[in-house]
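Participant: The structure that follows is given in the form of structure tokens.
All of the numbers you see were taken from the coordinates with simple rules; none came from a lab. Worth saying up front: this structure is predicted, and the values here are computed from it rather than measured. Positions of Cβ are generated from backbone atoms using ideal geometry, with glycine treated the same way; all protein chains shown enter the neighbour counts.
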Amino acid sequence: MPVYSVSAVNPISWKLAGKVNMHPMIKNIPDNWKKTIILLLMVSFLSFIFFYDSWVSMVEIWYRSSTFTHGFVIIPIFLWLIWTQRDYLVTLEPEVNWKIITAILISGFLWLLADLSHIQVIKQFATVAMLVSGLWLVLGNNVSKSLIFPLMFLFLMVPVGEELVPILMEFTATFTVWLIRLTGMSVYREGLHFSLISGDWSVVQACSGINYLISSITLGIVYAYLTYQYAWKRCLFILLSIIVPVFANGFRAYLIVMIGHFSGMTLAVGVDHLIYGGLFFGLVMLILFYVGSFWRDPPREKFIADEQPIAAQEKKGNVEKGSQVFIPIVIIALSYSIWPIGSAVLSNQSMKSSIQNDFSGIEEQGWKKTTDVDWKWQADFKNVEQESINYFTKQGVVVALYQASFGKETQGGGELVNSQNKLLSNKDENWKIVDRSSLAVGRLSEGRFIADEAILRGKDSDLLTIRWYRIGEKNTSNDYVAKLLQLKKLLMLDSSPEYINVAVIEAHPNRPELARKQLINWLEQWLNLKTSGDRKVQL
């Protein structure tokens with residue numbers, strides 16, 4: 001039986017006293033690569049420890065969202081791609097590249113800004129960027145350039161793309177209605193809802209095709225890397241992997257509607273249409289890969305074999321220098337740790353949650369508060385700390401102003417700018433959104449801003465809504481501008497209130513012009529009246 005002993009000189013390695021059969025690959029690993037592997041494991045461990053919340057948030061999204069389930073296979077594919085190049089990689093000389101510390105610091109600063117402004121996707125992107133930069137630092141340019149694709153492939157772990165859902169839903173509805181009319185059938189469309197003589201249809205989030213798009217991009221990238229060796233071929237195939245599923249999803253929706261129509265609304269109107277969609281997507285990808293195979297390049301092994309002599313000639317360096325473990329780990333640990341600490345210091349300040357608005361001036365203009373309103377409408381904002389809704393009436397016109405504050409925001413808790421904050425609850429059966437647009441509010445000389453308009457349709461009437469954020473002394477409806485304003489306040493240690501406003505007025509169906517003018521007039525009166533002493537609201 002073989003006996004093992006720990007080397008006193010090198011405590012990390014195990015020496016074999018007896019005869020042991022070792023895998024040739026393990027036996028032939030150069031000493032400098034053994035040190036580099038330790039460094040790679042330590043960098044990964046430090047990334048997980050210091051940015052634990054970011055990694056956990058990614059895994060949680062992979063688990064709960066079918067759109068991003070592919071995240072679970074990114075690291076296994078990454079490791080497999082490296083393993084396929086093992087014979088080539090051992091001919092290269094890994095060497096610490098200290099210049100990459102700049103990339104770590106830039107990525108860390110981006111993480112800090114994203115953490116302060118609660119932009120989850122940028123925070124996750126920066127986390128992966130710091131990991132990739134750390135791996136690049138300990139591998140050096142020579143090795144990292146050979147692993148550029150596997151390293152960049154790690155960014156697919158970031159669950160990004162949900163912001164495309166409204167755009168994809170709109171495209172699917174437009175493309176489907178266009179195909180139906182091209183068929184020669186009559187169809188009436190209202191936003192994302194459309195009707196045929198056989199029944200009514202609507203494009204919901206599951207119909208957007210985002211699942212198709214994300215899966216197609218992931219599969220397309222791997223297929224392009226393994227099948228082609230020339231950059232233009234890879235880029236072209238990846239581009240097709242983006243375009244094809246978008247149009248394929250629109251055609252799928254059209255087929256579902258046709259199946260339902262000609263079956264008298266007995267087929268493809270329930271769960272079965274999701275099954276049809278999954279089979280259709282599989283067929284589309286199979287055809288895409290089959291067509292792409294006609295332009296495949298020679299096997300990757302041939303390219304690697306051709307490059308090996310050059311790589312071997314470039315193999316040089318000081319093994320003693322490459323064997324250093326302690327200094328790179330300490331430097332990387334410091335460059336990782338400063339960002340969570342900085343975020344904790346900057347975000348540890350009180351945030352006023354009170355909604356500070358005075359309506360005394362608008363009441364002097366003849367607007368009277370009322371409670372005799374039964375619109376059966378309520379905004380669906382999550383984890384609100386404070387909210388209020390006030391109704392005003394004048395000469396038969398009724399205007400409502402809903403306001404909500406989220407206080408000191410936390411990731412996963414209440415957030416002012418969050419896609420989960422909606423004008424309507426998913427369970428609201430009284431109203432549906434039929435139109436969205438933007439419009440200017442305020443006089444140009446006093447600081448006009450752009451607000452979001454939406455029309456909610458009920459059984460007997462419409463509600464016209466105007467929504468915008470108020471952050472400190474600024475107004476905006478742009479989510480990105482709002483996040484930047486919030487970040488600026490945090491960096492300046494400004495704890496002034498920030499909240500969301502939704503002004504509402506009843507409108508005649510299909511004729512919102514008069515109601516829009518009345519509501520804008522009310523807003524401009526209210527926004528430009530004195531609200532505190534002699535100081536006007538700054539638009």
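Participant: Working from the alpha-carbon coordinates of the range 188-227, get Rg over Rh, Rh being the Kirkwood radius. Intermediate results must be reported in sequence, preceding the final value.
Facilitator: Working: Rg = 16.5 Å, Rh = 12.6 Å.
Taking Rh as the inverse mean 1/r over Cα pairs, Rg/Rh reads 1.32.
Participant: Ok, one more. Whole percent per 10 Å bin, from 0 to the bin with the longest distance: what is P(r) over all C-alpha pairs of the range 53-131?
Facilitator: 16, 32, 34, 17, 1
Participant: Turning to a different aspect of this structure: On each of the three principal axes of the Cα atoms of the range 163-212, give max minus min coordinate, whole Å, ordered largest first.
Facilitator: Cα extents, longest axis first: 32, 18, 16 Å.
Participant: Can I ask one more? Expressed in nm to one decimal, what extension gain is obtained for the pair residue 337 and residue 293 from 0.36 nm per residue of sequence separation less their Cα-Cα distance? Intermediate values should be presented prior to the final figure.
Facilitator: Numbers: separation 44, 0.36 × 44 = 15.84 nm, distance 4.65 nm.
Net length gain for the segment: 11.2 nm.
Participant: Oh, and also: How long is the range 25-160 along each principal axis, judged by its Cα atoms, biggest number first, in Å?
Facilitator: Per principal axis, max minus min of the Cα coordinates gives 46, 32, 22 Å.
Participant: Shape of the range 81-172 from its Cα gyration tensor (a ≥ b ≥ c, root eigenvalues): rounded if a/c is under 1.5, otherwise prolate when a/b > b/c, or oblate? Can you show the working numbers first?
Facilitator: Values: a/c = 4.16, a/b = 1.59, b/c = 2.62.
It is oblate, given that a/c is not under 1.5 and a/b is not larger than b/c.
Participant: Listed highest first by mean packing, meaning other Cβ atoms within 10 Å per residue, what order do 49-55, 197-203 come in? Before the final figure, lay out each step's value.
Facilitator: Values: 49-55: 18.3, 197-203: 15.4.
Ranking the peptides 49-55, 197-203 by packing returns 49-55, 197-203.
Participant: Work out the length of the dipole vector of the range 25-160 about its Cα centre, built from +1 on the beta-carbon of each Lys and Arg and -1 on the beta-carbon of each Asp and Glu, and round it to the nearest 20 debye. Don't skip to the end; give the middle numbers.
Facilitator: Numbers: 8 positive and 7 negative charges, 30 e Å.
Dipole size: approximately 140 debye.
Participant: Limiting things to C-alpha atoms, what are the Rg and the maximum Cα-Cα separation (Dmax) for the range 360-536, in angstroms?
Facilitator: Considering the range 360-536 through its Cα atoms, Rg and Dmax are 16.3, 49 Å.
Participant: Which of 422/483; 394/459; 123/233; 394/517; 99/145 have a Cα-Cα distance over 21 Å? The partial results should precede the final answer.
Facilitator: Numbers: 422/483 17 Å; 394/459 25 Å; 123/233 32 Å; 394/517 14 Å; 99/145 15 Å.
In this structure, 394/459; 123/233 lie more than 21 Å apart at Cα.
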